[in-house]
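The values are calculated or read from the model by the stated rules, or taken from the named source; none is laboratory data. From a predicted model like this one, the values you see are computed outputs, not experimental measurements. Cβ sites come from the backbone with ideal geometry, for glycine too, and all protein chains shown count toward neighbours. What goes into the accessible areas is simple: the full protein's heavy atoms, side chains included, and nothing from ligands, DNA or RNA. Shrake-Rupley method; radii C 1.70, N 1.55, O 1.52, S 1.80 Å.
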Amino acid sequence: MSRIAPQPGIMEIALYQGGQSSVEGVTDIVKLSSNENPYGSSDSAKEAYRTSGLNLHRYPGTDHASLRHAIAEVHGLTAENIICGVGSDEVLQFITQSFAGPGDEVIYTEHGFSMYPILAHACGATPVKVKERERVVDVDAILKACNKKTRIVFIANPANPTGTMIGANEVARLADGLPKGALLVLDGAYAEYVEGYDGGAALVEGRDNVIMTRTFSKIHGLGGLRIGWGYAPKDIIDVLNRVRQPFNLSDIQLNVAEAAVRDTNFVEKCRVDNARMRAWLAEALAELGVPSDTSCANFILARFASEQEATDCDEYLKTKGVIVRKVAGYGLPNCLRITVGDESGCRRVAHAVKSFKEQAV
Ligand SMILES: *Cc1c(COP(=O)(O)O)cnc(C)c1O
């Protein structure tokens, strides 16, 4: 240990585990471990990428005005209430850095996204994990865990890795029941997969304590680009902009994201195809004795009889070139999270689980 000590909390951070993308000795891989879009990104986004980047010697703009206006137009929001970041992860970091510190508590839930405790520790705050009810966020349990030290409550809706969701009335009850001085962060990474859902934008607009975050990494198929955004009351956006580095996003990121958000046909097509293949996959697995909760996202949480069976299946799938996600670290040791692929990806994982079950008996 160096005698130069890091800030409090930093050494508590368990490094984020990304989805595996290769298996030694296996070449034909289908990666269903990171909730990536099996259809890639939209043609207009790819075209914007090709035609960007000829001005590499120029600094990008700092206010992201063009992208914020495009997002506002497409989603029916107010551009000045939007902030853009390097993935929604960066926006979540702005929030913790700005509103929590040593002595403060940051609430997340039992199977919540692993970035939440990481971000809380990074700013010296104390992450507080609250029980869920059968893999669903429990509003009453969260409200009970709140106290005067609570500064932030993180929930993803739909949630990762469970895929479950709570209704707008429940989210509103949560926002309205928080102590004064506590913010509700609604992580809407999977919002576009839910038909007609605004990700919580209306809840933001009616209150002073709610922030919504969104990403280009999931339905827009731009995880490699690293861009996301947040929507919040103007005074909160003003705070977050103070910790945002002025040049956090390149012109390439901004241009590609703008083309992507405007391609609403692509988003709609991905939503519909995802819903169709998700239903197919859930049923195919259920017939093999592997149930899952109804998912509202682009993955399903497959439940096995035991931790041993989940582990064995995961190993078996790898030998067949099918990579899914172990979620023991999320308190779900008997489950595997499987991204909904395209038709061939879904058939392949279902077929591999079937042969796993057959060879196991
Ligand atoms: C994938 C995901 C994100 C997105 O992170 P980016 O930094 O935007 O790529 C955020 N929250 C949850 C719950 C996710 O699953």
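Percent relative contact order of the stretch 1-119, based on C-alpha pairs within less than 8 angstrom and at least six residues apart?
Reported as a whole number, the value is 23 percent.
How long are the three semi-axes of the equivalent ellipsoid of the stretch 120-177, in whole Å, if each is the root of 5 times an eigenvalue of the C-alpha gyration tensor, listed from largest down? Let's see the in-between values first.
Values: eigenvalues 77, 42, 21 Å².
Each semi-axis is the square root of five times an eigenvalue, giving 20, 15, 10 Å.
Where does the stretch 268-361 land on Rg/Rh, using Cα atoms and the Kirkwood Rh?
Numbers: Rg = 12.5 Å, Rh = 13.2 Å.
Rg/Rh: 0.95.
Go ahead and set up a Gaussian network model of the chain, Cα springs under 10 Å, then flag whichever of GLY124, GLY103, GLY200 fluctuates most.
Among GLY124, GLY103, GLY200, the largest GNM mean-square fluctuation belongs to GLY103.
Where in the chain lies the longest segment free of GluC sites (Glu not before Pro) that are both loop residues by DSSP (not H, G, I, E, B) and have at most 10 other Cβ atoms within 10 Å? If you can, show how the numbers build up before the last one.
On the way: sites that count: GLU24, GLU134, GLU195.
So the longest stretch without any such site is 196-361.
Past 20 Å, Cα to Cα, is the threshold; run LYS129/LYS218; LYS46/LYS320; LYS218/LYS357; LYS320/LYS354 against it and keep the listed order.
The pairs that break the limit, which is 20 Å between Cα atoms, are LYS129/LYS218; LYS46/LYS320; LYS218/LYS357.
From the helices alone, meaning DSSP H stretches of at least four residues, give me the mean residue ellipticity at 222 nm for the chain, per-run term -39500 (n - 2.57), in deg cm²/dmol to the nearest 500. Write down the numbers at each step before the final one.
Working: 12 runs with 140 residues, N = 361.
Helix contribution divided over all residues of the chain: -12000 deg cm²/dmol.
Got the relative contact order for the stretch 280-361 handy, in percent, Cα pairs under 8 Å and 6 or more residues apart?
Details: 107 pairs, mean separation 25.6, N = 82.
Relative contact order of the stretch 280-361: 31 percent.
Using all alpha carbons of the stretch 189-296, what is the percent of pairwise distances in each 10 Å bin, ordered from the shortest bin to the longest?
With 10 Å bins starting at 0, P(r) equals 12, 33, 33, 16, 6, 0.
Less than 20 Å apart at the alpha-carbon level, and either on another chain or at least 8 residues along: which lysines does that give for LYS234?
LYS180
Where the centre of each part is set by its Cα atoms, how far does the stretch 11-70 sit from the stretch 142-204, in angstrom?
Centre-to-centre (Cα) distance: 26 Å.
Write down, largest first, the equivalent ellipsoid semi-axes of the stretch 129-264 in whole Å, where each equals the square root of 5 times an eigenvalue of the alpha-carbon gyration tensor. Display every interim value, and only then the final one.
Working: eigenvalues 144, 71, 33 Å².
Calculated on Cα positions only, the semi-axes equal 27, 19, 13 Å.
In a Gaussian network model over the chain where Cα atoms closer than 10 Å are linked, find which of LEU119, LEU56, LEU67 has the largest mean-square fluctuation.
It is LEU56.
What number comes out for accessible area per residue over the chain if the probe is 1.4 Å? Units Å², please. Could the numbers behind the result be given before it?
Details: 16440 Å² over 361 residues.
With the other protein chains kept in place, the chain gives 46 Å² per residue.
Kindly state, as a whole number, the per residue volume in cubic angstrom of the convex hull around the alpha carbon atoms of the chain.
On the way: hull volume 57.1 nm³, N = 361.
Hull volume normalised by residue count: 158 Å³.
Within the chain, what percent of beta bridges assigned by DSSP are antiparallel, to the nearest 5?
On the way: 17 of 36 bridges.
Expressed as a percentage, antiparallel bridges in the chain total about 45.
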